[in-house]
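Comments concern the structure below.
The values are calculated or read from the model by the stated rules, or taken from the named source; none is laboratory data. Every value quoted in this text rests on a predicted model; they were computed, and no experiment measured them. Using ideal geometry, Cβ is built from the backbone for each residue, glycine included, and neighbour counts are taken over all protein chains shown. For the accessible areas, the whole protein counts, side chains as well, though only heavy atoms, and no ligand, DNA or RNA atoms are used. Shrake-Rupley method; radii C 1.70, N 1.55, O 1.52, S 1.80 Å.
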Amino acid sequence: MSKSRKDQGPPPGYAGNKPAVLNRLRRIEGQVRGLERMVEDDSYCIDVLTQVAAVTKALQAVAVELLDDHLGHCVRDALATGGPAADEKVAEASAAIARLVRS
């Protein structure tokens, strides 16, 4: 379950490039709407699948960027502080990497 901003403390790792992340997500949203139109218009299966692959790759790129920001900000800061919070952040990052690899 996601935590709300109020429960988190310091800003997220992507805070410095939030507008860029949002722009990328909006472009992906547009691609998905395009996919919907393609299906509604009975487009050729391979053309639809090609666009699905493009959307998937775009989402993966956003995920890698968010993970990089998380490692470079949240995990780095927790490791500098040490203690159980550091172990928790490393475990969270490891689980996120595992989810990305499986997807």
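Using only the alpha-carbon atoms, how far is helix 45-69 inclined from the longest principal axis of the chain? Give it as 0 to 90 degrees, nearest 10.
10 degrees
What does the accessible area per residue of the chain come to in Å², with a 1.4 Å probe and no ligands, DNA or RNA counted?
In whole numbers, the chain has 73 Å² accessible per residue.
Once phi is turned into θ = phi - 60°, what whole-Hz ³J(HN,Hα) does the Karplus curve with 6.51, -1.76 and 1.60 give for every residue of region 18-29, x standing for Gly and Pro?
Calculated HN-Hα couplings, in order: 4, x, 5, 5, 4, 4, 5, 5, 5, 5, 5, 4 Hz.
Note down the net charge around LEU67, summing +1 for each Lys or Arg and -1 for each Asp or Glu among other residues with Cβ under 15 Å from its Cβ.
Combined, the nearby Lys, Arg, Asp and Glu give +1.
Compute the Cα gyration tensor for region 25-75, then decide on rounded, prolate or oblate, letting a ≥ b ≥ c be the square roots of its eigenvalues: rounded whenever a/c is under 1.5, prolate when a/b is larger than b/c in the other cases, and oblate in all that remain.
prolate
With a cut-off of 8 Å between alpha carbons and a minimum separation of six or more residues, what is the relative contact order of the chain in percent?
The value is 29 percent.
Quick check on the chain: helices-only [θ] at 222 nm, where DSSP H runs of length 4 and up contribute -39,500 (n - 2.57) each and the sum goes over total residues. Nearest 500, please.
-24000 deg cm²/dmol
Whenever you get a sec, compute what percent of the accessible area on region 25-103 sits on carbon and sulfur atoms (1.4 Å probe).
61 percent
Give me log10 I(q)/I(0) at q = 0.10, 0.14, 0.20 Å⁻¹ for the chain, Debye formula, one equal scatterer per alpha-carbon, no solvent.
Values, matching the q order: -0.40, -0.68, -1.07.
What is the helix-to-structure angle for 84-102, meaning the angle in degrees between its Cα long axis and the longest Cα principal axis of the chain, kept from 0 to 90 and rounded to the nearest 10?
It is inclined by approximately 20 degrees.
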